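Contents: one structure, followed by commentary.
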Amino acid sequence: MITGQCECGAVAYEADKISETASFCHCTQCRRTSGHYWSAVMAPLDGFRLTQERGLAWYASSDWAKRGFCNACGSSLFYQLKGEDAINIAAGTLDDSSGVKPGKHIFCKDRGLYYDLPNDAPHIEKY
Ligand SMILES: [Zn+2]
Ligand SMILES: [Zn+2]
């Protein structure tokens, strides 16, 4: 069982299964919402459960996606495309990320200029 939570515990989740790799998005929106670049694993919705949602709030970041965060501590937790049967979970919120490997870096063209792109995974200019 995979578990994770926000910094204060007002949002917590569990998942039967997550992707073996994390994706890293360097787009401007992800950088703003996460404070750096967004790192996420993906979980099928049918094996995903919120075990605490007291602090959960959603922000419609575009016409096609929303972002879940904790309105008590401010942690960025989720990114979900409309109609998709999976949810993206911020890799930093996992209790144990030992089984997760670097996947790919996307929207590299939009990255912040204050850091170098890690060479741990393929770079993709856009998506
Ligand atoms: Zn919180
Ligand atoms: Zn992004």
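The values are calculated or read from the model by the stated rules, or taken from the named source; none is laboratory data. Not measured: the values here are computed from a predicted model. As a convention, Cβ positions derive from the backbone with ideal geometry for all residues, glycine included, and neighbour counts pool all protein chains shown. Side chains are part of the model used for accessible areas, which takes the heavy atoms of the whole protein and leaves out ligands, DNA and RNA. Shrake-Rupley method; radii C 1.70, N 1.55, O 1.52, S 1.80 Å.
Observations on the model:
- Some residue of the range 42-56 being over 22 Å from residue 109 (Cα atoms), touching a helix residue (DSSP H, G or I) at 6+ places or on another chain (Cβ under 7 Å) and assigned to a strand (DSSP E or B): no
- Residues of the range 30-48 that are open to solvent by 20 Å² or more (accessible area, probe 1.4 Å) and of a type in the set (Val, Ile, Thr): 33 alone.
- Counting the residues of the range 54-74 that are charged (D, E, K, R) and over 14 Å from the mean Cα position of the chain (by Cα) gives 2.
- Verdict on residue 51 being surrounded by fewer than 20 Cβ atoms within 10 Å (Cβ to Cβ) and over 26 Å from residue 125 (Cβ atoms): yes
- Pair list, Cβ under 6 Å, 6 or more apart: the range 3-27 residue without any contact (Cβ under 8 Å) to a residue 24 or more places away in the chain, other residue within 15 Å of ligand 1 (Cβ to nearest atom) and open to solvent by 40 Å² or more (accessible area, probe 1.4 Å): none
- Residues (part of a strand (DSSP E or B), of a type in the set (A, V, I, L, M) and open to solvent by less than 40 Å² (accessible area, probe 1.4 Å)) located in the range 1-29: 12, 15, 22
- Checking each residue in the range 30-41 for being assigned to a loop (DSSP other than H, G, I, E, B) and within 16 Å of ligand 1 (Cβ to nearest atom) picks out only 35.
- The set of residues from the range 1-35 being of a type in the set (A, V, I, L, M) and away from ligand 2 (no atom under 16 Å from the Cβ) comprises 1, 2, 10, 11, 12, 15, 18.
- The sole residue among 74, 35, 92 that is farther than 20 Å from residue 3 by Cα and out of contact with any strand residue (DSSP E or B) (no Cβ under 6 Å at 6 or more places or on another chain) is 35.
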